[in-house]
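The values are calculated or read from the model by the stated rules, or taken from the named source; none is laboratory data. The shown structure was predicted, so the numbers you read here are calculated from the model rather than taken from an experiment. Cβ sites come from the backbone with ideal geometry, for glycine too, and all protein chains shown count toward neighbours. The area values use the complete protein model at the heavy-atom level, side chains included, leaving out ligands, DNA and RNA. Shrake-Rupley method; radii C 1.70, N 1.55, O 1.52, S 1.80 Å.
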Amino acid sequence: MRKIKDNLDPPKILVLGFAIIILIGATLLTLPIATEDGQGLSFLNALFTATSATCVTGLIVVDTGDTFSMFGELVILSLIQVGGLGFMTFATLLFILLGKKISFKERLLLKEAFNNITFAGMVRLVKRILIFTAIIEFVGGSILAIRFSFDMPAAKAIYYGFFHAISNFNNAGFDLMGEFRSLTPYVDDPTVVLTVCSLITLGGLGFVVLNELFEYRQTRQLSVHTKAVLTTTLILTIGATVLIFLFEYGNNKTIGPLSVAGKSLGALFHAVTPRTAGANTLPMADLTHSTLFLTIILMYIGAGSGSTAGGIKITTFAVLMATVWSQFKGKEDVVLFKRRIVMETILKAFTVATSGALIVMIVTILLSITEKGHVFLMYLFEAASAFGTVGLSMGLTPELSPIGRLLIILTMFTGRLGPLTLAYAITKRQKQEAYHHPKGNIMIG
């Protein structure tokens with residue numbers, strides 16, 4: 001067994017690890033004890049739910065609150081926590097508790113799992129990740145529990161508070177409200193909206209960024225990565241909030257009837273949740289086409305690299321935008337925050353963005369073939385949501401055919417691990433070429 005493990009490179013181990021966790025979760029959800037009716041889920045529906053939870057997506061074929069027993073809900077919550085932080089985080093915690101030394105290969109796995117640049121301080125980072133997670137989820141869960149206690153019994157409020165805190169910090173979007181409502185009853189509630197938005201944003205920044213912010217008092221410096229994540233997050237959040245506010249202002253089915261403050265909270269939540277949480281306070285099917293298309297763009301971009309979120313990541317988007325700007329200005333170098341971005345990073349960003357776009361396009365086409373009778377925008381929205389591990393849906397998910405469900409399962413899995421990690425796992429990496437081909441020129445534009 002150890003020989004097999006030694007022959008596997010980090011991408012293969014990550015793919016197999018996530019696959020095993022999903023299969024275990026799916027098996028548990030088929031048990032009679034997992035559902036309210038005592039019959040368990042069919043294996044396909046259980047596999048879909050387990051994949052959605054482990055890949056912290058939130059797309060559901062059955063309503064979580066109405067379908068699952070507490071056992072089933074706790075299985076889903078466990079999958080969300082393990083999937084959000086990564087199974088290597090919990091494996092490292094176990095090694096630490098047992099007093100075992102973290103080997104070089106395990107540090108390599110951690111580096112791959114968090115998409116980190118260096119090996120330095122990986123074990124310390126894991127310890128801090130667990131501490132950050134515990135503190136953030138406890139504070140968020142406590143605030144939500146107090147708020148929910150005004151609407152339900154205290155014990156239920158505590159359970160709901162911490163379930164939704166864990167789900168949203170891990171950018172999963174699962175909820176217990178029932179009837180596929182998500183958080184729509186709290187669309188203009190400042191406590192719920194601001195708390196959940198904070199949880200989603202903190203989970204989406206990435207643990208490397210949180211760690212740098214934590215150390216800022218000592219170091220008084222931030223890396224280019226952290227600056228790019230914080231700046232792009234701020235720009236996208238503010239920009240999307242303003243646009244959604246304008247797009248939906250007169251829509252009586254969404255924020256139209258609300259006060260200006262309520263409209264602002266509704267717009268803010270919908271600007272934050274596509275990156276990439278999946279909870280919603282506005283009815284998705286009633287949004288204007290302009291808001292839906294903007295949502296697709298946000299789902300495709302996602303949040304920070306090495307975070308609980310999906311998408312191509314905002315650092316990829318930032319590098320691409322910086323490259324475009326450099327080309328417009330006729331500059332040879334791509335510069336972010338007075339630092340030149342190396343060509344390897346630019347090519348990787350281009351590869352991730354292009355492969356992500358191809359996946360969304362292919363899945364959209366396949367859904368239009370397998371799921372007939374819906375408008376095209378629903379197929380595109382579903383594909384982008386699955387790839388971005390978002391969990392928002394225009395209502396197509398519960399109606400998916402068996403083939404459509406398998407297609408979305410594969411898309412969620414690809415989106416969570418990332419196209420490059422999956423490609424590295426299934427293909428043999430080529431060694432550096434010993435020669436170079438002659439240069440060739442192609443006209444562009």
>> Condition check: more than 15 Å from the chain's Cα centre (by Cα) and either not basic (Lys, Arg) or not in a helix (DSSP H, G or I) (or both). Does Leu294 satisfy that?
In response: yes
> Which of the residues that make up region 228-242 are open to solvent by 40 Å² or more (accessible area, probe 1.4 Å) and either more than 30 Å from Lys338 (Cβ to Cβ) or β-branched (Val, Ile, Thr) (or both)?
Replying inline: Thr231, Ile235, Ile238, Val242
> Since Gly373 meets every condition but one in (1) assigned to a loop (DSSP other than H, G, I, E, B); (2) in contact with a Phe, Trp or Tyr (Cβ under 9 Å, 6 or more places away or on another chain), which condition does it not meet?
Replying inline: (2)
> Just a yes or no: is a residue in region 195-205 modelled with pLDDT of 90 or more, farther than 28 Å from Leu336 by Cα and in contact with a Leu (Cβ under 9 Å, 6 or more places away or on another chain)?
Replying inline: yes
> So which helices (runs of 4 or more DSSP H) stay within region 34-134 end to end and still have 3 or more residues that are farther than 21 Å from His164 by Cα and modelled with pLDDT under 60?
Replying inline: 87-97, 104-113
> hydroxyl-bearing (Ser, Thr, Tyr) and under 12 Å from Ile200 (Cβ atoms): does that describe Thr276?
Replying inline: yes
> Can you name the residue in region 343-359 that is of a type in the set (S, T, N, Q) and in contact (Cβ under 8 Å) with a residue 40 or more places away in the chain and, of all such residues, is surrounded by the most Cβ atoms within 10 Å (Cβ to Cβ)?
Replying inline: Ser355
> Out of (1) in contact (Cβ under 8 Å) with a residue 40 or more places away in the chain; (2) surrounded by fewer than 17 Cβ atoms within 10 Å (Cβ to Cβ); (3) closer than 27 Å to Tyr300 by Cβ, the odd one out for Ala261 is which?
Replying inline: (3)
>> Based on this model, can you work out whether Ala318 counts as modelled with pLDDT under 90 and not in a loop (DSSP other than H, G, I, E, B)?
In response: no
>> When you scan region 224-245, do you find a residue that is of a type in the set (Phe, Trp, Tyr), free of Cβ contacts under 8 Å to residues at least 60 places away in the same chain, touching a Lys or Arg at 6+ places or on another chain (Cβ under 8 Å) and over 20 Å from Ser385 (Cβ atoms), even just one?
In response: yes
>> So, in region 183-216, how many residues would count as being of a type in the set (D, E, K, R) and free of Cβ contacts under 8 Å to residues at least 40 places away in the same chain?
In response: 2
> Where residues in region 182-227 are of a type in the set (Asp, Glu) and assigned to a loop (DSSP other than H, G, I, E, B), which of them is most open to solvent (accessible area, probe 1.4 Å)?
Replying inline: Asp188
> Residues Gly304, Gly330, Gly310: which one is at positive phi and either open to solvent by less than 50 Å² (accessible area, probe 1.4 Å) or not β-branched (Val, Ile, Thr) (or both)?
Replying inline: Gly330
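Yes/no matrix, rows are residues, columns are (1) more than 30 Å from Glu399 (Cβ to Cβ); (2) in contact with a Gly (Cβ under 9 Å, 6 or more places away or on another chain); (3) surrounded by 13 or more Cβ atoms within 10 Å (Cβ to Cβ); (4) not aliphatic (A, V, I, L, M):
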{"residue": "Leu320", "(1), (2), (3), (4)": "yes, no, yes, no"}
{"residue": "Val324", "(1), (2), (3), (4)": "yes, no, no, no"}
{"residue": "Leu367", "(1), (2), (3), (4)": "no, yes, yes, no"}
{"residue": "Thr370", "(1), (2), (3), (4)": "no, yes, yes, yes"}
> Within region 378-401, which residues are among the charged types (D, E, K, R) and open to solvent by 10 Å² or more (accessible area, probe 1.4 Å)?
Replying inline: Glu399
